[in-house]
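The block underneath contains the structure these notes are about, expressed in structure tokens.
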Amino acid sequence: MFINSLLEVLSIGILIPLVSFLFRSNQSEHNSQNEFFNYIRDIFSIFSFNEILLIVIIIFIIKNFYILFYNYYIGIIGVNIRSRIVKNIYDKYLSQYLIFFSNRHSSIFLRNINDIQQLANVIVTILTLTLEIVLMFFFLLILIMNDNQFMMLFFITILIISSYFLIIFNRKKIYNYGKSRQIFENAINKLII
């Protein structure tokens, strides 16, 4: 996850030398007030435009292949966790006495097993959210290194406001959706059995 975030930030940061090369007019305007960007420009000043473009393309290809394999690996982890939990629930149900099953409707057992099947999606979503939080941390770190307090304050403000509205507008909808889904699946399972 750390490498994934680092490659995302690197792929965005590598565009600085490319844009700097495209818009470079003379060396006196080349030096700005920002030491971080000057350092990056000085490193890439020895390369030609084609070499910088090749470096950018290589970094984007490596990043995209890594993200592809990362997402595949996360999917495998989700499926393995789901399979293990479903197997544990099956084993627990099979080890129960008959009285346990006679006191409950079979739709409850089917609902429990079906809900576990959705667990893989939740795990992948949590891992993706964690990745995005780490990525935001790296962006904030770059803004701190850039020593641009206005952009950092703007970025944090937009992040807080958008998170607040996302939580406020979706909390009740998500709760109602989950409740109605549970009732709906329970009714379907009763009809099946």
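The values are calculated or read from the model by the stated rules, or taken from the named source; none is laboratory data. The structure presented is a predicted model; accordingly, all values stated were derived computationally and were not measured. Backbone-built Cβ (ideal geometry, glycine too); neighbour counts: all protein chains shown. With ligands, DNA and RNA removed, areas are computed over all heavy atoms of the protein, side chains included. Shrake-Rupley method; radii C 1.70, N 1.55, O 1.52, S 1.80 Å.
Okay, residues lined up against (1) at pLDDT 75 or above; (2) of a type outside the set (A, V, I, L, M):
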position: Tyr97; (1), (2): yes, yes
position: Asn148; (1), (2): no, yes
position: Ile168; (1), (2): yes, no
position: Tyr175; (1), (2): yes, yes
position: Ile183; (1), (2): yes, no
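The condition of being open to solvent by less than 50 Å² (accessible area, probe 1.4 Å) and modelled with pLDDT of 75 or more holds for Ile52. Scanning the stretch 102-119 turns up no residue that is open to solvent by less than 60 Å² (accessible area, probe 1.4 Å), at pLDDT 80 or above and out of contact with any Pro (no Cβ under 7 Å at 6 or more places or on another chain).
Per the listing Tyr73, Tyr66, the residue uniquely surrounded by 14 or more Cβ atoms within 10 Å (Cβ to Cβ) and at pLDDT 85 or above is Tyr66.
For beta carbons closer than 6 Å, sequence separation of 6+ or different chains, a first residue in the stretch 65-76 that is without any contact (Cβ under 8 Å) to a residue 60 or more places away in the chain and a second that is open to solvent by less than 70 Å² (accessible area, probe 1.4 Å) and assigned to a helix (DSSP H, G or I), the qualifying pairs are Ile74/Val124; Ile74/Leu127.
Close contacts from the stretch 124-143, counting a first residue that is crowded, with 16+ Cβ neighbours inside 10 Å and a second that is among the acidic types (Asp, Glu) and assigned to a helix (DSSP H, G or I), with Cβ to Cβ under 8 Å and a gap of 6+ residues or different chains, come to Leu135/Glu8; Phe138/Glu8. Using the structure shown, decide if Asn186 is polar (S, T, N, Q) and either open to solvent by 60 Å² or more (accessible area, probe 1.4 Å) or in a loop (DSSP other than H, G, I, E, B) (or both). For Asn186, the condition - polar (S, T, N, Q) and either open to solvent by 60 Å² or more (accessible area, probe 1.4 Å) or in a loop (DSSP other than H, G, I, E, B) (or both) - is not met. The test for being small (Gly, Ala, Ser) and surrounded by 14 or more Cβ atoms within 10 Å (Cβ to Cβ) does not hold for Ser83.
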